[in-house]
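Asker: Provided herewith is a single structure, encoded as structure tokens, for subsequent inquiry.
Just so it is clear, none of the values below were taken in a lab; they were calculated from the coordinates. The model shown is predicted, which means the values in this text are computed figures rather than measured ones. FYI the Cβ positions are ideal-geometry reconstructions off the backbone, even for glycines, and counts take in every protein chain you see.
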Ligand code: 4GX
């Protein structure tokens, strides 16, 4: 992988480079980086601040509490980091005002050669930076974080696991929640491991039957049923196959009894 270069290059512009680096060493993403499938660069705007104190924030025009990230050190950092990426790599700002990041968004980014993530702190960044050097704004959900770093890590994690060779079992990303079992995306089905009985609760018999067709049907039924119960928005307006409609009806009947 190294000789050909990484499959995906990501740059993160952050005031917490060491912390982001540490978080990236975990699990699946850490291994993808170790193996050279993903390359992550970090750029700390404080290292490009123009004064000796490394000032990157300033008071907000119009008043009020909270500081705003200054445009010059951020623009320099973004441009320096972007120069390490393949040409055309989008520059993405993480913010609650962004378009929602979802599994389709993860697949889109996984199809690119590179992208840059800007993680903001304080009350936000100078709006002119967004107009001049940022291509898109993404949000990982409707809640307010204290900074964009955790959002950037969420995006990198969701994207990296989609890259060929990152997950051990080829295709296991595909089988999970929001993967492509049936006409999906459906929520995941329940999982069990030993012991067979715990606090009087038994593992569903079908999973021990060795009947792979029956197991597949049971899992699809659970996935559909749980999606209908917990995330009706994912089912509404979706065309179910004949088998899926049958399994969902079965699930509902079993629930009633
Ligand atoms: N999904 N945040 C960005 C800085 C900020 C403050 C004010 C604009 C205005 C978030 C999210 C998120 C917190 C990241 C605030 N930007 N990012 N940060 N939800 O809440 O991505």
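Asker: Looking at the range 51-109, what strands (runs of 3 or more DSSP E) fall wholly within it and have at least 3 residues that are under 14 Å from residue 155 (Cα atoms)?
Answerer: Passing ranges, in order: 91-100.
Asker: Can you report the number of residues in the range 80-105 which are within 14 Å of the ligand (Cβ to nearest atom) and surrounded by 19 or more Cβ atoms within 10 Å (Cβ to Cβ)?
Answerer: Residues in the range 80-105 being within 14 Å of the ligand (Cβ to nearest atom) and surrounded by 19 or more Cβ atoms within 10 Å (Cβ to Cβ): 5 in total.
Asker: So, one more: Assuming residue 63 fulfils every condition listed in (1) in contact with a helix residue (DSSP H, G or I) (Cβ under 9 Å, 6 or more places away or on another chain); (2) free of Cβ contacts under 8 Å to residues at least 40 places away in the same chain; (3) more than 26 Å from residue 164 (Cα to Cα) apart from one, which condition is it?
Answerer: Going through the list (1) in contact with a helix residue (DSSP H, G or I) (Cβ under 9 Å, 6 or more places away or on another chain); (2) free of Cβ contacts under 8 Å to residues at least 40 places away in the same chain; (3) more than 26 Å from residue 164 (Cα to Cα), residue 63 breaks only (1).
Asker: Can we say residue 28 is touching a residue at least 12 places away in the same chain (Cβ under 8 Å) and assigned to a helix (DSSP H, G or I)?
Answerer: Against the criterion (touching a residue at least 12 places away in the same chain (Cβ under 8 Å) and assigned to a helix (DSSP H, G or I)), residue 28 qualifies.
Asker: Sticking with this one: Being closer than 23 Å to residue 39 by Cα, within 11 Å of the ligand (Cβ to nearest atom) and either in contact (Cβ under 8 Å) with a residue 40 or more places away in the chain or touching a helix residue (DSSP H, G or I) at 6+ places or on another chain (Cβ under 8 Å) (or both): is that true of residue 145 here?
Answerer: No; evaluated as a whole, the condition is false for this residue.
Asker: Could you please give the count of residues in the range 111-141 that are away from the ligand (no atom under 12 Å from the Cβ), in contact with a strand residue (DSSP E or B) (Cβ under 7 Å, 6 or more places away or on another chain) and part of a helix (DSSP H, G or I)?
Answerer: 1
Asker: Please state which one of 108, 100 is closer than 26 Å to residue 141 by Cα and free of Cβ contacts under 8 Å to residues at least 24 places away in the same chain.
Answerer: 108
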